[in-house]
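Derivation of every value follows stated rules applied to the coordinates shown; laboratory data play no part. Bear in mind that the values here come from a model prediction, so they are computed numbers and not experimental data. Note that we place each Cβ from the backbone using ideal geometry, even for glycine, and neighbour counts take in every protein chain shown.
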């Protein structure tokens, strides 16, 4: 009897996941500015939480639960993205202004200074991506620019999903190292001046 209830509960959870997956994915994509990789990751997190929670408790309204959980994950992803943006646009003078000056004025002055200096981001992006081989660059572009899924990329390269995932992971590590190197050079230059 107990196994039958668990089996029915698992079947209901699977049906709900199949029924609402594309809907939740579209919702995440819309609220994450159509960033497909981030939306897919967010959707996976939502359904992982759904399966985990439904194993222990009954979810009476799965669609509402999924949307509420998606909202929570979307907010987490947005906070992470805001933190990343904040670390990119920091200036050494910012700390001194925040301590001694009016923070609102400081923000406006720093914002104006960003546009006065006009950093050529494309030049830095090209430099970072230049560390990739031709095949790595192609895979990078398929995933991040053309927004193909890992399954589609695996199919193109005649690889397993895991192999495609591993290649993308190695590319990310390579890019992170190059970005760290560039950041170090920029910090050294900034401190030298």
Ordered by fewest other Cβ atoms within 10 Å, a rough proxy for footprinting exposure, 31, 147 read 147, 31
Residue 180 and residue 52 label points (each 7 Å along its Cα→Cβ direction) are spaced in nm at 2.7
Residue span residue 137 to residue 11: 0.36 nm per residue of separation minus Cα-Cα distance leaves a gain in nm of 41.2 nm
Simple SL model, points at 7 angstrom along Cα→Cβ for residue 33 and residue 162; separation in nm is 3.6
Residue span residue 23 to residue 83: 0.36 nm per residue of separation minus Cα-Cα distance leaves a gain in nm of 18.8 nm
Note on segment 2-86: alpha-carbon gyration tensor, axes a ≥ b ≥ c; rule is a/c under 1.5 for rounded, else prolate if a/b larger than b/c, else oblate; result prolate
Assertion target for 77, 53, 169, ordered by fewest C-beta neighbours within 10 angstrom first, is 169, 53, 77
